[in-house]
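Notes follow the structure.
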Amino acid sequence: MLQLRGRILQAMPRAHEVVVDVGYTVALRYGPDDKMKTACLYVTGFAKHANLGFLGGAAMSDPEHVLEGSGAAMRHVKFDSPLQIEAAKWLDRYLTAALLHAGLSPASGDAATEVRPRTGERPIGRRIRGKRTRDSVSRKRL
């Protein structure tokens, strides 16, 4: 999961990252801001694999035939090991295509990371990668 996160942040270094507890797993969502409707990529981790999801994947070209799913909008790629991620030579092209499809550029976003508990609970905090915000410092005192 962390290896996929790294590849996404290489393609979109200023992405706004939202870490969400969705109950059955943890999801990492990426876009220019914290809104679900503007996110273009996500990563979900499971016991034996991780999924890299493309929120507009149904409309994306898939020349490598790696996208799975049959829904109206989303597609994903299942990775069973870090070696599989490393060997995916096509991955950077797909990440760039997802950004362009969403109307974004690698410079989009505010480089913030925030953690959200399960739906209905208050967000824990927000932190700009590499910098502490007032909110992240005050949370540590709790």
For this session: With the checklist (1) in a loop (DSSP other than H, G, I, E, B); (2) closer than 21 Å to Val19 by Cα; (3) not aromatic (Phe, Trp, Tyr) in hand, flag the one item Ser70 doesn't pass.
Result: (2)
For this session: Sort out which residues of region 15-30 are more than 16 Å from Asp92 (Cα to Cα) and either buried (at least 16 other Cβ atoms within 10 Å of the Cβ) or among the β-branched types (Val, Ile, Thr) (or both), and write them in order of number.
Result: His16, Glu17, Val18, Val19, Val20, Val22, Thr25, Val26, Ala27, Leu28, Arg29
Exercise. Has region 57-73 got at least one residue that is free of Cβ contacts under 8 Å to residues at least 40 places away in the same chain, under 22 Å from Pro117 (Cβ atoms) and of a type in the set (Gly, Ala, Ser)?
Worked result: no
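Filter region 40-58 for residues that are small (Gly, Ala, Ser), in contact with a strand residue (DSSP E or B) (Cβ under 9 Å, 6 or more places away or on another chain) and surrounded by fewer than 22 Cβ atoms within 10 Å (Cβ to Cβ) and give the result.
Gly45, Gly56, Ala58
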Exercise. Of these, Lys78, Lys37, which one is in contact with a His (Cβ under 6 Å, 6 or more places away or on another chain) and either assigned to a strand (DSSP E or B) or modelled with pLDDT under 95 (or both)?
Worked result: Lys78
Problem set entry | Tally of residues being surrounded by 13 or more Cβ atoms within 10 Å (Cβ to Cβ) and more than 16 Å from Ala27 (Cβ to Cβ) across region 73-89 | 4
For this session: Please determine, by comparing only the residues of region 15-34 that are in contact with a helix residue (DSSP H, G or I) (Cβ under 9 Å, 6 or more places away or on another chain) and not in a strand (DSSP E or B), which one is farthest from His101 (Cα to Cα).
Result: Ala15
Seminar exercise, completed: Among (1) assigned to a helix (DSSP H, G or I); (2) of a type in the set (D, E, K, R); (3) modelled with pLDDT under 95, Arg93 falls short only on (3)
Exercise. Do the conditions hold for Lys48, that is, is it out of contact with any Gly (no Cβ under 9 Å at 6 or more places or on another chain) and without any contact (Cβ under 8 Å) to a residue 12 or more places away in the chain?
Worked result: no
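The values are calculated or read from the model by the stated rules, or taken from the named source; none is laboratory data. These numbers were taken from a predicted model, which means no experiment stands behind them. Because the Cβ atoms are built from the backbone with ideal geometry, glycine has one as well, and the counts that use them run over all protein chains shown.
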